[in-house]
Amino acid sequence: MPSPSVTWTAFAGQRLIASGTPAEVVTAAKGALDAGESESLLLFDDATGRTVDFHLRGTLEEVLARLQPAPDPAAESSEPRGPGRPKLGVVAREVTLLPRHWEWLSEQPGGASVALRKLVEAARASSGDADRVRRAQAATDRFMTTMAGNAPGYEEAARALYAGDRTRFNKWTRSWPDDIRECARRLAAPAFSRETP
């Protein structure tokens with residue numbers, strides 16, 4: 001099942017159906033479909049702005065069951081596991097470095113794995129705000145392309161989004177359908193965190 005912090009949004013045409021946890025959104029979308037909704041339904045993952053391809057046919061229980069993760073065949077397998085510590089979420093992957101990089105890593109306390117983990121955590125901590133802004137821009141842009149790509153002011157709104165200019169963004173989205181405008185502004189909010197007061 002998607003993480004509890006994950007939020008989705010559902011639209012029927014240009015009208016907002018629901019926004020919330022995947023289970024809440026799927027329940028609302030299923031209810032709209034069963035009630036004879038004639039507009040096309042689109043579900044979005046708010047974190048990425050991508051549409052979610054989700055099958056709404058069947059009973060509500062069957063639909064909600066599709067949110068559950070599929071059983072992991074590797075967990076039930078009696079074959080020896082590969083490298084890594086899957087129970088801890090550790091996954092082994094290949095890293096390609098120059099010899100001088102491997103030499104430096106081998107000299108670090110704890111070895112290459114510990115040093116690489118520390119470097120990644122330090123980079124994540126130092127670029128957290130920039131990463132959050134970039135993710136919000138990308139998610140908002142994907143949503144806008146799908147829902148407002150032909151709307152007046154779309155290109156100008158996209159430029160304002162990437163420029164971090166909330167005032168211009170709000171100006172160019174003002175004439176959009178209410179629900180699309182409000183959803184775009186909600187998704188874009190973290191992209192404007194670097195604004196000066």
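The values are calculated or read from the model by the stated rules, or taken from the named source; none is laboratory data. It should be emphasised that the depicted structure is a prediction, and the values quoted were computed from it without experimental measurement. Methodologically, a virtual Cβ is constructed for each residue, glycine included, from the backbone with ideal geometry; neighbour enumeration extends over all protein chains shown. Note: accessible area is taken over every heavy atom of the protein model, side chains too, but ligands, DNA and RNA are not part of it. Shrake-Rupley method; radii C 1.70, N 1.55, O 1.52, S 1.80 Å.
Tell me, which residue of region 22-50 that is of a type in the set (Val, Ile, Thr) and buried (at least 16 other Cβ atoms within 10 Å of the Cβ) is nearest to Pro190 (Cα to Cα)?
In this case the residue turns out to be Val25.
Of these, Ser175, Ser126, Ser113, Ser106, which one is of a type outside the set (A, V, I, L, M, F, W, C) and touching a Pro at 6+ places or on another chain (Cβ under 7 Å)?
Answer to the selection: Ser175.
Return yes or no: is Ala92 open to solvent by less than 70 Å² (accessible area, probe 1.4 Å), farther than 30 Å from Glu155 by Cβ and either hydrophobic (A, V, I, L, M, F, W, C) or modelled with pLDDT under 90 (or both)?
yes
Quick test of your reading of the structure: Thr167 fulfils all but one of (1) of a type in the set (Val, Ile, Thr); (2) open to solvent by 80 Å² or more (accessible area, probe 1.4 Å); (3) within 18 Å of the chain's Cα centre (by Cα). Name the failing condition by number.
The single condition Thr167 does not satisfy is (3).
Can you tell me how many residues in region 110-131 are more than 27 Å from Ala47 (Cα to Cα) and either in contact (Cβ under 8 Å) with a residue 40 or more places away in the chain or in a helix (DSSP H, G or I) (or both)? Before you say what the answer is, go through the steps one by one.
Just the residues of region 110-131 that are more than 27 Å from Ala47 (Cα to Cα), to begin with: 110-115.
Adding the requirement that they be either in contact (Cβ under 8 Å) with a residue 40 or more places away in the chain or in a helix (DSSP H, G or I) (or both) leaves 111-115.
The qualifying residues number 5.
Would you mind telling me which numbered condition in (1) among the aliphatic types (A, V, I, L, M); (2) part of a loop (DSSP other than H, G, I, E, B); (3) modelled with pLDDT of 95 or more Leu42 fails?
(2)
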